[in-house]
Amino acid sequence: MTITKIWRFADWVLKLETSHSVPMYEMECVSCDETSEVAEEPGGPQDWALKHAGRTHHKLFRAVHTCFFHAVPKTVRE
């Protein structure tokens, strides 16, 4: 019995997934770690941050923008 190993090396690229998913937005307070709800548009999380700042006087926020990528083998044309 002969065992053969095949090693295939290929370059890979990341492609933005746009057909089945949408970006998601969220805001995080750096002072207290509270977060907005996740939304498909940035307006809701931004409004949350402004209201949170008004209630707490916390001034620093982290914007989180999540999108999805597929890893695919690189084609010759790329």
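General observations
- Theoretical ellipticity at 222 nm over the chain - DSSP helices of four or more residues, -39500 (n - 2.57) apiece, nearest 500: -6000 deg cm²/dmol
- Relative contact order of segment 20-78, defined on C-alpha pairs under 8 angstrom at six or more residues apart (%): 41
- Under 16 Å of direct C-alpha separation, and excluding same-chain neighbours fewer than eight residues apart, LYS74 reaches these aspartates and glutamates: ASP11, GLU17.
- Listed residues ALA39, PHE9, PRO73: farthest to the positive end of the dipole of the chain (Cβ charges): PHE9
- Spacing of the two label points (7 Å from each Cα toward its C-beta) at ALA10 and ALA53, in nm: 4.7
- Helix axis angle, 43-56 relative to the chain longest principal axis, alpha carbon, degrees: 40
Just so you know, all these numbers are worked out from the coordinates, no wet-lab data involved. Just so it is clear, the model here is predicted, and its values are computed rather than measured. Here Cβ is always computed from backbone atoms with ideal geometry, including for glycine, and neighbour counts include all displayed protein chains.
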